[in-house]
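Note sheet for the following structure.
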Amino acid sequence: MKLAVNIAGVELKNPVMTASGTFGSGRDFEPWIDLNRLGCVVVKGVAATPWAGNPPPRIVETWGGMINSVGLQNPGVEYFIAEDIPWLRQFDTRICVNIVGRTVSEYVAVAERLAGEDVDLLELNISCPNIKEGGVAFGVQAEAAAAVTSAVKKVARQPLIVKLSPNVSDITEIARAVEGAGADGISLINTLLGSRIDIWKRKFILSMKHGGLSGPAIKPIAVRMVWQVAQAVKLPVIGMGGIMTGEDAIEFILAGATAIAVGTASLLNPEATMQVLEGVESYMRETGVEDIADLVGIVK
Amino acid sequence: MVEKRAGRTACKILQNRQIADGIFEIVLQWPKILHRPIAGQFVNLYCSHKGRLLPRPISVCEIDEDKLHLVYAVLGKGTAEFTTFQAGGLIDLLGPFGNGFSLEGKPGRALLVSGGVGTPPMVELAKQLKARGWELDVVCGFRSQSYLVEQLSRYGTVHIATDSGTEGFSGNVIELLDHEALSGDTLFACGPGPMLKGVQTWAKAKGIPAQLSLEERMGCGFGACVGCVTKIITDNESGFIYKKVCKDGPVFPAAEVLFQ
């Protein structure tokens, strides 16, 4: 049974990745899982300088999911290079660095700083809904998405994945724009903008009022968008959005995802990535699939 | 390499009963595969309802030989669901998590100060401190009805304050501390933010080192989501950094916490 997949020239031992911002750099999960078994660790967003993040409350539960407004709290690229790359390199897995910024030059600065570092993939985060300037602003306009993609691509030494926002009317327009600007792959979906109000206090629960909705509640939207994007571009697609089980992962692969990422499920169960991997394997055994690549995008 | 830990584990419910208005005690058989909790740690409890995915972090009230006592307040639909769980059934649990209280230092006189549902962790803390030779004053504030007083009385002198004046001193815990002219060599507190802020100010004025156990809305409970943060005083531009209540805390030295 062949589980290995290829994303922009980088071979992953299996299609199970972690979704940025739900896995840190992996340390929090080491007590429960063997990181060697992951196809790729996609780390929490890394900025050029340390970011404080948003005030609490940052998390609220919703039916079948949660809304977060963490705001990309991170200790910055220098810390990441000094502490997290050597730590992650103890494991036989791929490293994908999620890059965040408020301006094009901030994104470029991170990619430039990582150019000589030992990481396998970059993921351009132009879709975080929790940052006022930059962030999602780049992800909802095709021209801005293309501009930041081509600027980062110029300095990047690793293949560049662009992570798309679902908070747009036509996601294929953005996908085509970043493909035209030189992206090597596309990942989707980031969280959907959502909100919750405390009816007794008559106030928003999150300090930022709105945040990113994730979890199984968003899965059907994600499957639809992965299918649309896979039809619209030639680039490899990494699918995510509410994957809880191996069966969920298979749905994304059939829709056109070459690899998938487990996000919120890891927060609910630190062993979720392993369970998804085992579920994918058992589906392949049950249905007599020899190579995972034979399933990618076969539902038209 | 870090030590491997057991994942989400279904624990047998031995008892689940109301002990005050909106306050329940649940007793679980503690599986040997899980780490033994220490005072000030918490566990994640999970709902059965498939729409309620996030854990409810509940602080450890007391740990016997092989039984875990948890006391929880019914604050929403998830904790309301817990009240329907019957003895003999199972509840999904992950943990324990958090740093817990530091019990280091030469035994002397300790002040334990709690507010409402911040009281349960004082039970295991009081037990551990007494076993180490500390003399204890336990000061508990409630809205109108006390609970866990009998358990706490085994380990020290309990002083009750209620907002309504229906039991004990009429007022808050800070007023009661002053009213009874209580003091100590160290102080431990757990309760809502405004109370902890008051305790921080009071302890600083008296020169008593204090540990505060904080509360915040949590996502995962083990450090990954970075949802449950609190401001910790730091020598940088903004004067603070956000630290995780679930993993860096929930217990912080009082002098480090920046309240709004």
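The values are calculated or read from the model by the stated rules, or taken from the named source; none is laboratory data. Predicted model only: the values in this text are computed from it and were never measured. Counting neighbours? That spans all protein chains shown, and the Cβs are built from the backbone with ideal geometry, glycine included. Quick note on the areas: whole protein, heavy atoms, side chains included, nothing else; ligands and nucleic acids left out. Shrake-Rupley method; radii C 1.70, N 1.55, O 1.52, S 1.80 Å.
When only C-alpha pairs under 8 Å and at least 6 residues apart count, what is the relative contact order of the stretch B:214-260, in percent?
That works out to 38 percent.
What figure in square angstrom, to the nearest 10, would you give for the accessible area of B:THR84 with a 1.4 Å probe?
80
Return a whole-number percent for the relative contact order of chain B, with Cα pairs under 8 Å and 6 or more residues apart as the contact set.
16
Given Cβ point charges of +1 (Lys, Arg) and -1 (Asp, Glu) and nothing else, what value in debye, to the nearest 20, does the dipole of the stretch B:75-174 about its Cα centre take?
Taking the Cα centre of the stretch B:75-174 as origin, the dipole is about 240 debye.
What full-extension length gain, to one decimal in nm, is calculated for B:SER153 and B:THR83 as 0.36 nm per residue of separation minus the Cα-Cα distance?
Full extension of this stretch gives 22.5 nm more.
Starting from the Cα of A:LYS13, step 7 Å along the direction of its Cβ; do the same at B:THR9; then give the gap between the two resulting points in nm.
Distance between label points: 2.8 nm.
Checking understanding here: applying a Kyte-Doolittle mean of at least -0.5 and a length along the axis of at least 15 Å (C-alpha), which whole DSSP H helices in chain A pass?
Qualifying helices, which must be both long enough and hydrophobic enough, are A:104-114, A:142-155, A:219-232, A:272-287.
How far apart, in nm, are the 7 Å Cα→Cβ label points at B:ASP92 and A:TRP200?
2.6
Could you work out how far apart the two model spin labels at A:ASP294 and A:ALA82 are, taking each label as a point 7 Å from the Cα in the direction of the beta carbon, and quote it in nm?
5.1
Any idea of the total accessible area buried by the B-A contact, 1.4 Å probe, rounded to 100 Å²?
Counting both chains, the buried surface is close to 2800 Å².
Which part of the stretch B:73-114 falls in the paramagnetic zone of B:ARG17, meaning amide N under 19 Å from the point 7 Å along Cα-to-beta-carbon?
B:73-74, B:82-90
Among A:ALA261, A:ALA232, A:ALA145, which one shows the highest mean-square fluctuation when chain A is modelled as a Gaussian network with alpha-carbon springs under 10 Å?
Result for chain A, Cα springs under 10 Å: A:ALA232 fluctuates most.
Cα-Cα over 24 Å: which of A:LYS154/A:LYS234; A:LYS13/B:LYS243; A:LYS2/A:LYS219; A:LYS13/A:LYS163; B:LYS12/B:LYS50; A:LYS209/B:LYS243?
As for pairs spanning more than 24 Å Cα to Cα, those are A:LYS13/B:LYS243; A:LYS2/A:LYS219.
Report the FRET efficiency, 1/(1 + (r/R0)^6), for A:SER282 and B:ASP178, where r is their Cβ-Cβ distance and R0 is 60 Å, rounded to 0.05.
Using R0 = 60 Å, I get an efficiency of 0.40.
What is the dipole size for the protein assembly as shown, taken about its Cα centre, with +1 at each Lys and Arg Cβ and -1 at each Asp and Glu Cβ, in debye to the nearest 20?
The calculation lands at about 620 debye.
Which of the residues in the stretch B:41-63 lose at least 30 Å² of accessible area when you go from the chain alone to all protein chains together (probe 1.4 Å)?
B:HIS49, B:GLY51, B:LEU53, B:LEU54
Would you kindly give the portion of the calculated P(r) for chain B that falls above 34 Å, as a percent of all Cα pairs?
15
Along each principal axis of its Cα atoms, how long is the protein assembly as shown end to end? Whole angstroms, biggest number first, please.
75, 53, 45 Å, listed from the longest principal axis down.
How much of the DSSP beta bridge set in the protein assembly as shown is antiparallel, as a percent to the nearest 5?
DSSP beta bridges in the protein assembly as shown are roughly 50 percent antiparallel.
Over the heavy atoms of A:GLU286, what accessible area does a 1.4 Å probe trace out, to the nearest 10 Å²?
That residue has around 150 Å² of solvent-accessible surface.
Apply 1/(1 + (r/R0)^6) to the Cβ-Cβ distance of A:ARG224 and B:LYS50, taking R0 = 22 Å, and write down the FRET efficiency to the nearest 0.05.
Between A:ARG224 and B:LYS50 the formula returns 0.50.
Rounded to the nearest 5, what % of DSSP beta bridges with both residues in chain B are antiparallel?
Of those bridges, close to 60 percent are antiparallel.
Do you know which residues of the stretch B:216-235 lose at least 30 square angstrom of accessible area in the protein assembly compared with their chain on its own, with a 1.4 angstrom probe?
B:GLU216, B:ARG217, B:PHE222, B:ALA224, B:CYS225, B:VAL226, B:GLY227, B:VAL229
Classify chain A from the C-alpha gyration tensor, please: rounded if a/c falls under 1.5, else prolate or oblate depending on whether a/b exceeds b/c.
Here chain A falls in the rounded category.
Can you give me the three principal axis dimensions of the stretch A:12-93 from its C-alpha atoms, in Å, biggest first?
Extents along the principal axes, in whole Å: 36, 34, 22.
Roughly to the nearest percent, how much of the accessible area of chain B is carbon and sulfur, given a 1.4 Å probe?
It is 50 percent, rounded to a whole number.
Got a sec? Which residues of the stretch A:39-81 lose 40 Å² or more of accessible surface with every protein chain in place, vs. that chain alone, 1.4 Å probe?
Those residues are A:PRO56, A:ARG58, A:ILE59, A:GLU61, A:TRP63, A:GLN73.
Provide the descending list of Cα extents for the stretch B:97-165 along its principal axes, expressed in whole angstroms.
Principal-axis extents of the Cα atoms in the stretch B:97-165, largest first: 38, 28, 16 Å.
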